[in-house]
1. Please indicate, with yes or no, whether at least one residue in region 101-119 is polar (S, T, N, Q) and loosely packed, with under 15 Cβ neighbours inside 10 Å.
2. So PRO70 fits all but one of (1) farther than 20 Å from VAL19 by Cβ; (2) touching a helix residue (DSSP H, G or I) at 6+ places or on another chain (Cβ under 7 Å); what number is the exception?
3. Among (1) touching a helix residue (DSSP H, G or I) at 6+ places or on another chain (Cβ under 8 Å); (2) in a helix (DSSP H, G or I); (3) free of Cβ contacts under 8 Å to residues at least 40 places away in the same chain; (4) closer than 30 Å to HIS226 by Cα, there is one condition MET169 misses while meeting the rest; what is its number?
4. For the condition of a type in the set (Val, Ile, Thr) and within 21 Å of VAL17 (Cα to Cα), what is the one hit in VAL117, VAL44?
5. For the structure I just gave you, tell me whether VAL59 is at pLDDT 95 or above, surrounded by 13 or more Cβ atoms within 10 Å (Cβ to Cβ), part of a helix (DSSP H, G or I) and among the β-branched types (Val, Ile, Thr).
6. Is it the case that THR68 is surrounded by 15 or more Cβ atoms within 10 Å (Cβ to Cβ) and of a type in the set (S, T, N, Q)?
7. Mind counting the residues in region 128-158 that are modelled with pLDDT of 95 or more and surrounded by fewer than 19 Cβ atoms within 10 Å (Cβ to Cβ)?
8. So if I check each of ALA73, ALA67, ALA111, ALA123, which one is of a type in the set (Gly, Ala, Ser), closer than 24 Å to GLY177 by Cβ and modelled with pLDDT under 95?
Amino acid sequence: MSVIELRSVSKWFGSVVAVSDVSFSIDRGVTALLGPNGAGKSTVLRMLCGLTRPSDGSVRVLGGDPATDPALARRIGIVPQQEGLFDKLTAVEFVTLAGTLQGLDDPGAAARRALEVVELDHADTRAVGGYSKGMRQRVKVAQALVHDPDVVFLDEPLTGLDPRQRKHMIELFGRLGDEGRCVLVSSHVLDEVERFGSRILVIVQGRLAAEGDFHAIRDLMDDRPHRIRVETDRPRQLAAGLLAEGVALGVRLDGPQAVLVDTVDAAAFRHAVGPVAVATGARLLAVAPLDDDLDSVFRYLVGR
């Protein structure tokens with residue numbers, strides 16, 4: 001039996017269909033749930049947590065129904081997208097409260113350990129209301145882990161984190177999966193999911209549009225070139241070098257310090273652009289995909 005099973009699940013609110021006939025199963029490890037805003041990701045997570053019931057179909061987590069089995073709450077950790085912190089409490093007070101509600105024998109000690117895991121100081125006396133967005137996100141992750149759950153649901157947990165914090169969180173999710181937990185992380189950023197190195201479920205307009213690892217999802221787009229904008233102090237020289245290297249189908253100057261590159265192999269381009277810049281004496285100022293966001297993937301999937 002899989003840890004998580006959805007069978008022909010639909011959810012509607014009045015005349016609005018949020019999730020339509022979605023089926024999938026998830027085992028232990030890290031799985032990413034991708035979708036643009038309004039795709040139905042949060043609704044799927046809410047059903048998995050038992051916070052809302054499906055209108056049709058069945059949801060099973062650890063063999064039980066999360067909407068009717070209260071014992072499952074002790075085995076599930078939840079990081080909601082919405083802010084749900086008690087702003088007048090310190091981080092350790094808030095996470096201790098979460099541990100207390102889970103019935104832990106020593107919730108204070110568990111809270112301190114959880115805050116250390118997310119690189120927050122449990123001795124900080126500031127109220128969480130004065131924390132930055134990234135720090136508040138990490139407090140939410142700490143409260144989700146305080147009771148050592150078997151299943152962890154995280155709804156857009158990397159929002160507001162700086163690059164170092166994002167790297168740490170991605171590594172943390174990987175460790176949780178390696179420890180045998182089932183971790184489901186929602187995101188709308190394709191680059192984040194590539195670094196998860198995990199199975200991906202793609203939700204489009206409430207439906208499951210694709211599933212597989214990152215490369216399988218990208219393979220769906222093999223017949224469409226990727227467009228990348230490269231800012232450099234020597235655009236002509238860099239453009240010529242990329243063409244000569246064979247990683248660009250076409251190039252076009254975009255202003256005095258930028259090149260638009262079309263490529264069918266974005267990974268090969270990423271590996272080649274640095275060495276080509278060195279060889280041509282060009283300084284790279286920025287490299288940004290113009291159509292590598294998840295909305296672009298979805299437009300492609302929907303139009304297939």
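1. no
2. With (1) farther than 20 Å from VAL19 by Cβ; (2) touching a helix residue (DSSP H, G or I) at 6+ places or on another chain (Cβ under 7 Å) applied to PRO70, the lone miss is (2).
3. So MET169 meets the others, but not (3).
4. The unique qualifying residue is VAL44.
5. Answer is no for this residue.
6. In short, no.
7. Total satisfying the criteria: 2.
8. ALA73
The values are calculated or read from the model by the stated rules, or taken from the named source; none is laboratory data. What you are looking at is a predicted structure, and each value in this text was computed from that prediction instead of being measured. Note that each Cβ is placed from the backbone with ideal geometry, even for glycine, and that neighbours are counted across all protein chains shown.
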